[in-house]
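Have a look at the structure below, then the notes.
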Amino acid sequence: MKWHRMIPACLLLAAIAAGCGTHPAPTAIRTSASDAPVLTAAVAATAQVYDPVIRPEDFVDSVDNPFFPLVPGTTLRYRQATEDGTETDDVTVTKRREIILGVRTTVVHDQAYLDGVLAEDTFDFYAQHRDGSVWYFGEDTKTLDPQGHVISTLGSWEAGVDGAKPGIIMLAHPA
């Protein structure tokens, strides 16, 4: 459902991919037995591992990136027609803060409605690095049935839990 949720994921993947640009792309070789691509040990050894170092003192108290400002009290409403009906998404920057990996994050409440019925209720966690980039530290999401009962929390994650890592959602100076 949440079409705009794909935007942060795409931005994160683009940022990660941009960081990988200095290394040669792994190449596949074909085996005679199965003719399936296989990475050689030498090629796999050149692959870059994403493992950001998070130092809480490197993060500032508010998110004021001009491309992704999070001012408490701000509410944005998105609406689109889908094949399932009309989806409305209310995104509100709360005054709440959550500490994740020692970083004080800003909590954003995101509620998605399908034809006026709440279908997903999510809290997203963001923090700004002192260089101006905005980091995404996780989300607590609940998918609801039409009666308001939680039917799934799939998609919930928190940086530092079960190997989850935060990522940059908005660069300080995107180009």
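The rows are residues; the columns are (1) at pLDDT below 95; (2) in a strand (DSSP E or B).
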{"site": "23", "(1), (2)": "yes, no"}
{"site": "42", "(1), (2)": "yes, no"}
{"site": "61", "(1), (2)": "no, no"}
{"site": "65", "(1), (2)": "no, no"}
{"site": "68", "(1), (2)": "no, no"}
{"site": "72", "(1), (2)": "no, no"}
{"site": "78", "(1), (2)": "no, yes"}
{"site": "99", "(1), (2)": "no, yes"}
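Comparison of 116, 160, 102 shows that the only residue that is free of Cβ contacts under 8 Å to residues at least 40 places away in the same chain and at positive phi is 116.
Listed by first and then second residue, the pairs with beta-carbon distance under 6 Å, at least 6 apart or on different chains, first residue in segment 136-149 and over 22 Å from residue 96 (Cβ atoms), second assigned to a strand (DSSP E or B), are 145/151; 146/117.
Applying the selection to segment 148-160, what residues are touching a strand residue (DSSP E or B) at 6+ places or on another chain (Cβ under 9 Å), part of a loop (DSSP other than H, G, I, E, B) and surrounded by fewer than 17 Cβ atoms within 10 Å (Cβ to Cβ)?
As a first pass, look at segment 148-160 and keep what is touching a strand residue (DSSP E or B) at 6+ places or on another chain (Cβ under 9 Å): 148, 150-160.
If we keep only those that are part of a loop (DSSP other than H, G, I, E, B) as well, we get 148, 153-156, 159-160.
Listed by number, the residues that qualify are 148, 153, 154, 155, 156, 160.
Restricting attention to segment 115-142 and to residues that are crowded, with 18+ Cβ neighbours inside 10 Å and among the aliphatic types (A, V, I, L, M), the residue that is farthest from residue 160 (Cα to Cα) turns out to be 119.
The values are calculated or read from the model by the stated rules, or taken from the named source; none is laboratory data. Model, not experiment: these values are computed from the prediction. Counting neighbours? That spans all protein chains shown, and the Cβs are built from the backbone with ideal geometry, glycine included.
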